[in-house]
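Notes follow the structure.
The values are calculated or read from the model by the stated rules, or taken from the named source; none is laboratory data. Worth saying up front: this structure is predicted, and the values here are computed from it rather than measured. Cβ placement follows ideal geometry from the backbone for every residue including glycine, while neighbour counts extend to all protein chains displayed. Only protein heavy atoms, including side chains, enter the accessible area calculation; ligands, DNA and RNA are left aside. Shrake-Rupley method; radii C 1.70, N 1.55, O 1.52, S 1.80 Å.
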Amino acid sequence: MNGLARDPGFFALLSGSHARLLGRPLVPEGRDAVWLYEEAPFAVLAHDGSADPRFVYANRTAQSCFGYGWAAFTALPSRLSAEAPHRASRRALLERVAREGFATGYRGLRVAASGRRFWIEDGTVWQLIDVDGTVRGQAAWFARWHDA
């Protein structure tokens with residue numbers, strides 16, 4: 001398994017970027033990388049900043065929701081989390097996040113490994129920006145989803 005799952009440095013990037021951009025914590029006080037990966041009751045995903053971004057992180061809740069294990073998830077280009085007809089709206093969201101730093105209240109149709117379609121409701125997407133100001137990718141959070 002990739003070391004990012006429970007990596008304190010990556011956790012600091014996820015949670016620090018979220019706190020700086022949104023002005024609120026990603027996780028409750030006292031929670032750490034292990035809790036976020038293994039126990040968080042909400043989904044957190046992240047992709048890198050490449051031209052065709054690939055997922056680099058998905059906590060267990062996200063893995064369960066999408067139906068991919070760690071190895072399959074982190075080999076997946078993030079665009080494939082949406083069906084082709086919905087990729088344009090997803091791309092527009094990511095471009096908005098790149099310009100503005102974050103977006104809240106996101107609703108989007110996604111597809112699981114099995115082909116099951118589901119709606120993400122009231123999600124948040126933000127830039128992963130390290131303390132030096134370098135953009136490392138983007139991350140998403142959502143706590144509500146349901147089958148389409």
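The single condition among (1) open to solvent by less than 50 Å² (accessible area, probe 1.4 Å); (2) under 19 Å from residue 51 (Cα atoms); (3) more than 15 Å from the chain's Cα centre (by Cα) that residue 134 does not satisfy is (1). Against the condition in a loop (DSSP other than H, G, I, E, B) and surrounded by 17 or more Cβ atoms within 10 Å (Cβ to Cβ), how does residue 106 come out, does it pass? When the stated conditions are applied, residue 106 does not pass them.
Somewhere in the stretch 111-132, is a residue within 26 Å of residue 11 (Cα to Cα) and of a type in the set (Lys, Arg)? Among the residues of the stretch 111-132, not one is within 26 Å of residue 11 (Cα to Cα) and of a type in the set (Lys, Arg), which makes the answer no. If you go through the stretch 8-24 and pick out every residue that is exposed (fewer than 12 other Cβ atoms within 10 Å of the Cβ) and not small (Gly, Ala, Ser), you end up with 2.
Could you check the stretch 31-63 and list, in sequence order, the residues that are buried (at least 18 other Cβ atoms within 10 Å of the Cβ), more than 15 Å from residue 11 (Cα to Cα) and either modelled with pLDDT under 95 or small (Gly, Ala, Ser) (or both)? Correct list: 62 only.
So for the stretch 109-128 (the condition being open to solvent by 20 Å² or more (accessible area, probe 1.4 Å), farther than 13 Å from residue 66 by Cα and touching a Leu at 6+ places or on another chain (Cβ under 9 Å)), does at least one residue qualify? So far as the stretch 109-128 goes, no, none of its residues is open to solvent by 20 Å² or more (accessible area, probe 1.4 Å), farther than 13 Å from residue 66 by Cα and touching a Leu at 6+ places or on another chain (Cβ under 9 Å). With respect to residue 99, determine if the residue is open to solvent by 60 Å² or more (accessible area, probe 1.4 Å), over 17 Å from residue 24 (Cα atoms), basic (Lys, Arg) and not in a helix (DSSP H, G or I). Judged against the criteria, residue 99 is not a match.
Scanning the stretch 62-79 for residues that are more than 13 Å from the chain's Cα centre (by Cα) and free of Cβ contacts under 8 Å to residues at least 12 places away in the same chain yields 64, 69. The set of residues in the stretch 28-56 being more than 16 Å from residue 104 (Cα to Cα), in contact with a strand residue (DSSP E or B) (Cβ under 9 Å, 6 or more places away or on another chain), in a loop (DSSP other than H, G, I, E, B) and not polar (S, T, N, Q) consists of 49, 52, 53. Residue pairs whose Cβ atoms lie under 8 Å apart, sitting 6 or more positions apart in sequence or on different chains, and linking a residue in the stretch 16-35 that is farther than 14 Å from residue 46 by Cβ to a partner that is in a helix (DSSP H, G or I) and open to solvent by 60 Å² or more (accessible area, probe 1.4 Å), are 32/8; 34/6.
Among the residues of the stretch 26-55, how many are of a type outside the set (Gly, Ala, Ser), within 20 Å of residue 134 (Cα to Cα) and over 13 Å from the mean Cα position of the chain (by Cα)? Going through the stretch 26-55 one residue at a time, the tally reaches 1.
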